[in-house]
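See structure below.
The values are calculated or read from the model by the stated rules, or taken from the named source; none is laboratory data. This is a predicted model, so every value here is computed, not measured. Note that each Cβ is placed from the backbone with ideal geometry, even for glycine, and that neighbours are counted across all protein chains shown.
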Amino acid sequence: MIFRILLGSFLVFALSLVHAERALPQGIRSPAKREVRATAQDFFDYIHKDYQPRAEKLTAEDVEASWKFNTNITAHNEQEMIASSEKVAKFDKEIATYIRANFKDVDFSANATLKRVRDKLVLLGDANLPDAEFSELQTVEARMKNIYSTAKVCKTIGVHADDVEDKCPKEHQLELEPGITQLIQNSRDEPLLKHLWKSWRDATGRHMKHDYARYVVLKNKGAQMDGYADNGAAWRSTYVEPDLEYLDQNFIDEAEGIWQQLKPLYEQLHAYVRHSLQTQYPTVRGLRNPKGPIPAHLLGNMWAQQWSNLQDFSRPHPDKPSLDVTPAMVEKNYTANGMFHMSDDFFASLGLIRMPGKFWDHSMLSKPDPKERLVVCHASAWDFYNREDFRIKQCTDIRMKDFITVHHEMGHVEYFLQYKDQWIPFRDGANDGFHEAVGDTLALSVSTPGHLEKLGLLKNYNSNDKDAEINFMFSTALEKIAFLPFGLVMDMYRYDVFNGKIKTTELNAQWWKYVNKYQGICSPVGRSEDDFDPGAKYHTAADVPYMRYFVSFVIQFQFHEALCNAAGHKGELHTCDIDSSKAAGKLMADALSLGSSEPWQVAMKKLTGQEKMDAGPLMKFFKPLQDWLRKENDRRKQKAGWSDDVTCTGSRTIASVLALVALFVLSLLR
Ligand code: X8Z
Ligand code: ZN
C-alpha cells in the first residue's frame, strides 16, 4: 500500500530565500542585535503556505509515476519512477535541512501538534543516502518487485521454473494470480502442490537473494542516519510515542506478550488442522509425525498464512454448510466492479464517505490481459495526496477471499478520505496497524452468516444451530488465527536480519527456524542457502513492513467490539453485524479523521475507550471455538505443539537412525 509520505524537490532554492529573514542565528552575532527566534506561528505559516502546497503537487506527480510502473511494468516506466523518486528525495532533504536550520529551537510547548509535524519532516529514511546509493537502492527494489510480479511457473511437474519459456507449453504457464493461487487453494494433488510450492520459490526468492543482501545494507544506512539503530527500529517507529514514554522496547514486549496470550488458541487450531490433513493425505510422509510441524504446501495458501481453503475437508461439522460462499458468488454472476460497489454501499450504510467519481474512473479493479501489459497484482490502495485522487489496484478474482480483500482495500481509501484535510505529514494511519485494520473491521460484519444471508449468498443457515456456529467460527479462525504467527514471523525475522543477529550466510536456514518456531510449519523439500524463501512473499520483495498486519489482526477485534457496542448489538461478539449503524460509522470516522496527528493511543481511546492493544476481544470472539477445539483434540488424542524439524522428514530414515546410533556409540567411547 502506498501511503508513505512522498515529497518532491523543486523551488527549494526560492523557498529558502523566502524564508531567509526568519533564519535562526547561526554563529557569532553582533551583541547590539537582538536574536530573532522563529516562533511556532512562523513554523505554522511555513508549513501551511509554502511546504504543503508544493509537497501536494510534487507528491501527486510522484505517486502517478509509481502508479504507471505498477500498472504497466516496462523499463521506461521503471526509469521514470526512479527519476521521480530521486526528485522527491532531493526535495525531502532540502526541506529537512531548512527546518533543522530554522526551526530547531522553536518553543513548541503550547503546540504539540506542530512539534509532531517538525519531528516527522526531519526524518528522511532512504532519502538520507548519497545520490548514487539512493539510486542504487531504487534500482535494487524495482528489480526485486519486478522478479516477484512477473514470475511464472510451469504446471507440468518436472519442468523447472527457470525453463518455463523454453520447455513449458503456453497453456501450462502460470502466473501467481490467478493461476497458481487457484491451484494452491483448490487442488488436493500433493505432488502438484509440492511442485508449485517449490517452483514459485525457484522463480522468485532464489533470483533476488543477492539484491536483498545489498538492500539490507542500504536500508540500514538510511535508517542509521536518522538516528535509529537499524532499519527494523525505523520500521517500528510507527508504534513508538516518546512523549507518552512508549518506546521501541515497550512495543516489542507488548507484541510478544500478546502472542503468548494468543498462542494456546493457535496451537489448538494447529493440532486440529494437522490431524485433518493426516486424514486427507494419509500417504504423505511429511505428515506422519503426529507431533511434527505441518508441511507448508498443504494449507491452501502459498505462504501457509491463511488456511480458509481447507474448510471443505476440515470443518468441524461437514454436514452443516460451508461458510465459503465463492460458489454462490459465481452463480450470481458477481463482477469485480460489482463487488467494489457492494463494499461502497456497506461503507455508506454506516454514514462513511463514498468513493469519489475519480476513484471509479482511474482504479484498476481487474487484471489486464498479460499480453497487453504486465502489472503488480498484489492488491494496494493509493493516496495521491492531492485530496481528489484515490485509487485501488487489485487483480480481483470472483471468490469470497477477494470480496474480503475488496473491503480491506476500501478501508485504506476510507482512511485516506477521512484524513485528507490534515497536513501531509499527518495523512497516515495512527500507526501502520490502524491502516490495515479499518477494512478488516468492517469485513468482520460482512462475513457473518447473518450478513451473507442478507446478501443472498448463504442459504440453509440456522442461526440457532450451535454446530453451524462452530463451523462459522472455525472458518474465521482459519483466516484470522492461522495468520497471527505469520504476521509475526515476517518481521521478527527481518528485524533480526537488519540488526545483524541473522548473518547473510544463513538467511534461508534461519528463515525456516523462525517459521518453525512461530508457525509450526516445515518445508516440504530440502532447502539450501541458494534459496531465499522469505523473498517468495510480496512484502519482502517490495520493502513493505509486516508487523502492521499482526497488530491489525489484534486491534480489529477491539474496533469491532467497540463499533458493535455503539451499534447497540446484543448477544455474542461473533454474531455482530454493524450494517447501517450511523453511530458505529461516526465512532470510526472520528478516530480515522485524526490521521497521525495524535499519538495512536489517542485514536485508540477515542474508538475503544482505552489506550492499549488488547487481545481480549479476539479471545472473546473465539472462546466457544477454543473450548470446542480443546475437547475435540483431546477426543482425537492430539497434542498441541510441534517438534523443531525445519524440513518435513516424516518418520526418521534408516540413515538418520544409523547416524544417531553412531553418535551415541562415539559419545560412550569418549
Ligand atoms: O498485503 C495485504 C493487503 C494489502 S495491504 C492485500 N495483506 C497481507 C497479505 O496479503 O499478506 C492483507 C492481509 C495480509
Ligand atoms: Zn492493507
The stretch 165-181 residues that are without any contact (Cβ under 8 Å) to a residue 24 or more places away in the chain, paired with ones that are of a type in the set (Lys, Arg) (beta carbon under 6 Å, 6 or more apart): His172/Lys155; Gln173/Lys152; Leu174/Lys155
Test Ile180 against the criterion of being assigned to a helix (DSSP H, G or I), among the hydrophobic types (A, V, I, L, M, F, W, C), in contact with a strand residue (DSSP E or B) (Cβ under 7 Å, 6 or more places away or on another chain) and surrounded by fewer than 22 Cβ atoms within 10 Å (Cβ to Cβ), and give yes or no. yes
In this structure, is Phe472 touching a Leu at 6+ places or on another chain (Cβ under 8 Å), of a type outside the set (Ser, Thr, Tyr), buried (at least 21 other Cβ atoms within 10 Å of the Cβ) and touching a residue at least 12 places away in the same chain (Cβ under 8 Å)? yes
The condition from (1) crowded, with 19+ Cβ neighbours inside 10 Å; (2) at pLDDT 50 or above; (3) assigned to a loop (DSSP other than H, G, I, E, B) that Tyr46 misses is numbered (3)
Cβ contacts < 8 Å: first residue closer than 12 Å to Ser149 by Cβ and in contact (Cβ under 8 Å) with a residue 24 or more places away in the chain, restricted to the stretch 373-384; second residue among the β-branched types (Val, Ile, Thr) and within 11 Å of ligand 1 (Cβ to nearest atom), any location; separation 6+ or different chain. Result? Ser380/Ile2; Ser380/Ile392
The stretch 342-365: number of residues that are under 18 Å from Glu453 (Cα atoms) and surrounded by 14 or more Cβ atoms within 10 Å (Cβ to Cβ): 4
Might you check whether a residue that is over 21 Å from the mean Cα position of the chain (by Cα) and surrounded by 21 or more Cβ atoms within 10 Å (Cβ to Cβ) occurs anywhere in the stretch 258-266? yes
Can you tell me how many residues within the stretch 551-587 are outside any loop (DSSP other than H, G, I, E, B) and either within 16 Å of ligand 2 (Cβ to nearest atom) or without any contact (Cβ under 8 Å) to a residue 12 or more places away in the chain (or both)? 8
Selection status of Thr396, touching a residue at least 12 places away in the same chain (Cβ under 8 Å), within 13 Å of ligand 2 (Cβ to nearest atom), closer than 26 Å to Lys537 by Cα and β-branched (Val, Ile, Thr): no
Taking the stretch 529-588, which residues are within 20 Å of Ala482 (Cα to Cα) and among the aliphatic types (A, V, I, L, M)? Ala536, Met547, Val551, Val554, Ile555, Leu573
Looking for something farther than 30 Å from Leu458 by Cα, more than 14 Å from ligand 1 (Cβ to nearest atom) and modelled with pLDDT of 95 or more - is there at least one such residue anywhere in the stretch 396-407? no
Single unsatisfied condition, Asn633 versus (1) touching a Phe, Trp or Tyr at 6+ places or on another chain (Cβ under 7 Å); (2) over 16 Å from Ala271 (Cβ atoms); (3) in contact (Cβ under 8 Å) with a residue 60 or more places away in the chain: (2)
Search the stretch 435-457 for residues that are more than 14 Å from Phe346 (Cα to Cα) and pair each with any residue that is more than 16 Å from ligand 2 (Cβ to nearest atom) and among the aromatic types (Phe, Trp, Tyr) when their beta-carbon atoms are under 8 Å apart and the residues are at least 6 apart or on different chains. Pro449/Tyr461; Pro449/Phe472; Glu453/Tyr461
Filter the stretch 103-119 down to residues that are touching a helix residue (DSSP H, G or I) at 6+ places or on another chain (Cβ under 6 Å) and either assigned to a loop (DSSP other than H, G, I, E, B) or surrounded by fewer than 18 Cβ atoms within 10 Å (Cβ to Cβ) (or both), then give me how many there are. 3
Looking at the structure I just gave you, is His412 within 11 Å of ligand 2 (Cβ to nearest atom), surrounded by 21 or more Cβ atoms within 10 Å (Cβ to Cβ), free of Cβ contacts under 8 Å to residues at least 60 places away in the same chain and farther than 17 Å from Ala562 by Cα? no
Just wondering, is there one or more residues in the stretch 508-526 that are touching a Phe, Trp or Tyr at 6+ places or on another chain (Cβ under 9 Å), assigned to a loop (DSSP other than H, G, I, E, B) and on the phi < 0 side of the Ramachandran plot? yes
Sort through Asp166, Asp202, Asp211, Asp162 and tell me the only one that's under 26 Å from Asn309 (Cα atoms) and among the acidic types (Asp, Glu). Asp202
Note on the stretch 487-526: residues over 17 Å from Leu262 (Cβ atoms) and among the polar types (S, T, N, Q) are Asn499, Thr504, Thr505, Asn508, Gln510, Asn516, Ser523
Answer residue from the stretch 67-87, given it is of a type in the set (Ser, Thr, Tyr) and buried (at least 18 other Cβ atoms within 10 Å of the Cβ) and is farthest from Asp131 (Cα to Cα) among those: Thr71
Considering only residues that are within 16 Å of ligand 2 (Cβ to nearest atom) and aromatic (Phe, Trp, Tyr), look in the stretch 522-550 and name the one that is surrounded by the fewest Cβ atoms within 10 Å (Cβ to Cβ). Tyr538
Given (1) hydroxyl-bearing (Ser, Thr, Tyr); (2) under 18 Å from Phe621 (Cβ atoms); (3) more than 16 Å from ligand 1 (Cβ to nearest atom), number of the condition Ser581 does not satisfy: (2)
Pull up the stretch 379-395, narrow it to residues that are assigned to a loop (DSSP other than H, G, I, E, B) and within 14 Å of ligand 1 (Cβ to nearest atom), then point me to the one that is surrounded by the most Cβ atoms within 10 Å (Cβ to Cβ). Gln394
Since Glu506 meets every condition but one in (1) touching a Lys or Arg at 6+ places or on another chain (Cβ under 8 Å); (2) free of Cβ contacts under 8 Å to residues at least 24 places away in the same chain, which condition does it not meet? (1)
Residues in the stretch 315-326: is at least one hydrophobic (A, V, I, L, M, F, W, C), within 30 Å of Trp360 (Cα to Cα) and within 23 Å of the chain's Cα centre (by Cα)? no
Given the conditions (1) within 21 Å of Ile392 (Cβ to Cβ); (2) within 15 Å of ligand 2 (Cβ to nearest atom); (3) among the small types (Gly, Ala, Ser), report the number of the one that Ser447 does not fulfil. (2)
So, in the stretch 49-60, how many residues would count as being in contact with a helix residue (DSSP H, G or I) (Cβ under 7 Å, 6 or more places away or on another chain) and surrounded by fewer than 17 Cβ atoms within 10 Å (Cβ to Cβ)? 1
Of everything in the stretch 432-490, what is assigned to a loop (DSSP other than H, G, I, E, B) and more than 16 Å from ligand 1 (Cβ to nearest atom)? Give them in sequence order. Thr448, Leu455, Gly456, Leu457, Leu458, Lys459, Asn460, Tyr461, Asn462, Ser463, Asn464, Asp465
